[in-house]
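So the structure is just underneath, and the comments pick up after that.
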Amino acid sequence: MKKDILEKGAILQRDRETYAIAPHIPGGITDTATLRKICDVADRYGIKELKITSAQRIALMGVKEEDLDTIWADLGERPGAAIGLCVRSVKICPGTTWCKRGVQDSVALGLKIDAIYHAMELPNKMKMGVSGCMINCAETMLKDIGISGTPKGWRVYVGGNAGARPRIGDVLTDTGPGDDEVLEIVARVVDYYKSCGSEQRLGRIVEQMGIEAFRKAVMGE
Ligand code: SF4
């Protein structure tokens with residue numbers, strides 16, 4: 001029986017025959033050349049449907065197994081990390097780049113985080129989000145690690161998730177306005193998650209430890 005093919009980023013579809021693949025589009029920010037390339041590849045392989053996903057990707061639906069390798073080659077990409085135990089996605093809102101309500105540059109920070117962490121293997125799947133203000137359009141509080149812009153800097157949340165047992169993330173800490181401090185905190189959380197010996201999703205770990213103990217373990221406070 002067919003199943004997902006993790007190393008090819010291929011997700012078995014409801015027909016139990018074809019796959020969906022999702023090229024990586026950091027922050028969902030793209031250009032006409034990239035869109036044309038995706039459309040050209042879709043036309044070349046007879047792919048009739050594309051879906052804009054909640055992770056700010058464009059998925060090609062109904063891909064034949066025998067076409068997977070050449071499609072990725074034609075896209076000029078390594079298979080996207082839409083499945084598997086890894087950092088699946090970094091959702092990024094328009095922030096001060098485009099949004100009139102933005103107070104911090106979520107695009108710049110989010111793209112840095114994406115470049116470092118996208119596809120990094122971890123004990124379980126992880127999703128991240130970066131919002132440019134506390135309205136949280138990147139669903140920051142439903143991410144394993146979520147970051148929201150405040151008038152003074154950034155607020156970092158941990159342990160959020162959607163899914164069958166949704167959880168609102170806890171506030172880990174606030175930082176100043178620069179990117180370095182918040183990047184250091186994200187690194188600490190990821191390092192702790194890698195080394196804590198649990199294969200649960202981060203929210204379950206935070207829940208069991210309590211946010212104060214988790215904060216102390218990660219931040220040493
Ligand atoms: S979170 Fe704030 S900055 Fe980002 S899109 Fe929403 S309103 Fe704009």
Rounded tilt (10° steps) of 106-117 against the dominant C-alpha axis of the chain: 70
In sequence order, calculated HN-Hα J values of the range 196-213 (Karplus, 6.51, -1.76, 1.60; Hz; x Gly/Pro): 7, x, 10, 9, 6, 5, 4, x, 5, 5, 4, 4, 6, 7, x, 5, 5, 5
Separation in nanometres of the label points that stand 7 Å from Cα toward Cβ, at residue 192 and residue 64: 5.0
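Would you mind counting up the charge near residue 116? Only other residues with Cβ under 14 Å from its Cβ, with Lys and Arg at +1 and Asp and Glu at -1.
Residues close to residue 116 contribute a combined charge of -3.
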Karplus (6.51, -1.76, 1.60) ³J(HN,Hα), θ = phi - 60°, over the range 130-137, in Hz, Gly and Pro reported as x: 10, 10, x, 7, 6, 6, 6, 5
Cysteines in the chain lacking a second Cys C-beta under 4.7 Å: 39, 86, 99, 133, 196
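Using the count of nearby Cβ atoms within 10 Å as a rough guide to exposure, how do 5, 38, 92 rank from fewest to most? It would help to have the intermediate numbers written out before the result.
Details: 5 16, 38 19, 92 28.
Ranked by crowding around the Cβ, least crowded first: 5, 38, 92.
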Alpha carbon Rg of the range 95-221, scaled by the compact-globule rule 2.2 N^0.38 Å: 0.98
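Using a cut-off of 10 Å between beta-carbons, work out the net charge of the residues near residue 157 (Lys and Arg +1, Asp and Glu -1, residue 157 not included). Please list the in-between numbers first.
Numbers: positive: 143, 155; negative: 144, 170.
With Lys, Arg at +1 and Asp, Glu at -1, the neighbours total 0.
For the chain, how big is the tail of P(r) above 33 Å, as a whole percent of Cα pairs?
On the way: 4907 of 24310 pairs.
It works out to 20 percent of all Cα pairs.
Write down the Kirkwood hydrodynamic radius of the range 6-75, to one decimal in angstroms, obtained as one divided by the mean of 1/r over all alpha carbon pairs. Each step should come with its number before you reach the end.
On the way: mean 1/r = 0.0817 Å⁻¹.
For the range 6-75, inverting the mean 1/r across all distinct Cα pairs yields 12.2 Å.
If you take every DSSP beta bridge fully contained in the range 122-221, what fraction is antiparallel? Give it as a percent rounded to 5. Working shown, then result.
Details: 11 of 15 bridges.
Restricted to the range 122-221, the bridges split so that about 75 percent are antiparallel.
Assign one of three labels to the range 101-157, namely rounded, prolate or oblate, based on the Cα gyration tensor with a ≥ b ≥ c the square roots of its eigenvalues; rounded applies when a/c is under 1.5, prolate when it is not and a/b is larger than b/c, and oblate otherwise.
On the way: a/c = 2.60, a/b = 1.71, b/c = 1.52.
The shape class here is prolate.
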Long-range HN-HN contacts of residue 133 with modeled amide H, under 5 Å: 103, 149
Distance from the range 102-153 to the range 174-188 (C-alpha centre basis), Å: 11
Cα long-axis angle, helix 32-44 against the chain (0 to 90 degrees, to the nearest 10): 40
Value of relative contact order over the chain, rounded to a whole percent, pairs C-alpha under 8 Å and six or more apart: 13
Residue-averaged 222 nm ellipticity for the chain, from DSSP H runs of 4+ at -39500 (n - 2.57), nearest 500: -9500 deg cm²/dmol
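Run through the DSSP bridge list for the chain and note the antiparallel percent, rounded to the nearest 5. Each step should come with its number before you reach the end.
Numbers: 20 of 29 bridges.
Of all bridge pairs located within the chain, approximately 70 percent are antiparallel.
Pairs on different chains or at least eight residues apart, Cα atoms closer than 17 Å: how many lysine pairs in the range 1-95 fit?
8
Bear in mind these aren't lab numbers, they're just calculated from the coordinates by the rules spelled out. Remember, it's a predicted structure, so these values are computed and weren't measured experimentally. Glycine also receives a Cβ, built like all others from the backbone with ideal geometry; neighbour counts cover every protein chain displayed.
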